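Just so it is clear, none of the values below were taken in a lab; they were calculated from the coordinates. Keep in mind that what you see is a predicted model, and the values were worked out from it rather than measured. Cβ placement follows ideal geometry from the backbone for every residue including glycine, while neighbour counts extend to all protein chains displayed.
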Amino acid sequence: MTGVERSPGRTYEMTVAGRMGPVLRAAFADHRVRELPACTVLVVRDDADQRLGEIVELLARADLLVREVRRIDPPPQPGNP
């Protein structure tokens, strides 16, 4: 094989304190966003392994506290434990 093999990326679930306004929410239109009474949950796909940091910075500039970030592992494929 030639070239550099890229990872398939990772998926993260981010819990943010409070609710996002309509402008910030529009910035995440290509991600899953779920608003709960006390927080907002974002599900973010990071194909370049760099976007996650940019998202955390964007949320911090909007004065939103990121309470938790966790990697969501994909379910195992059939035949692979």
Check: Out of residues 5 or more away from residue 18 or on other chains, whose amide H comes under 5 Å of its own, with H placed 1.01 Å from N in the peptide plane?
Finding: 39, 40
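Under 1.5 on a/c is rounded, so check that first for the range 20-72, then, if it is not, pick prolate when a/b is larger than b/c and oblate when it is not; a ≥ b ≥ c are the square roots of the alpha carbon gyration tensor eigenvalues. Don't skip to the end; give the middle numbers.
On the way: a/c = 1.38, a/b = 1.33, b/c = 1.04.
Rounded, since a/c falls under 1.5.
How much length is gained if the chain between residue 60 and residue 47 is pulled fully straight, taking 0.36 nm per residue apart and subtracting their Cα-Cα distance, in nm to one decimal? Present the calculation step by step, with values, prior to reporting the outcome.
Details: separation 13, 0.36 × 13 = 4.68 nm, distance 2.15 nm.
Full-extension gain reported as 2.5 nm.
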Next item on the list: Rank by packing, highest mean first: peptides 29-37, 57-65, with packing defined as the count of other Cβ atoms within 10 Å averaged across residues.
Entry: 57-65, 29-37
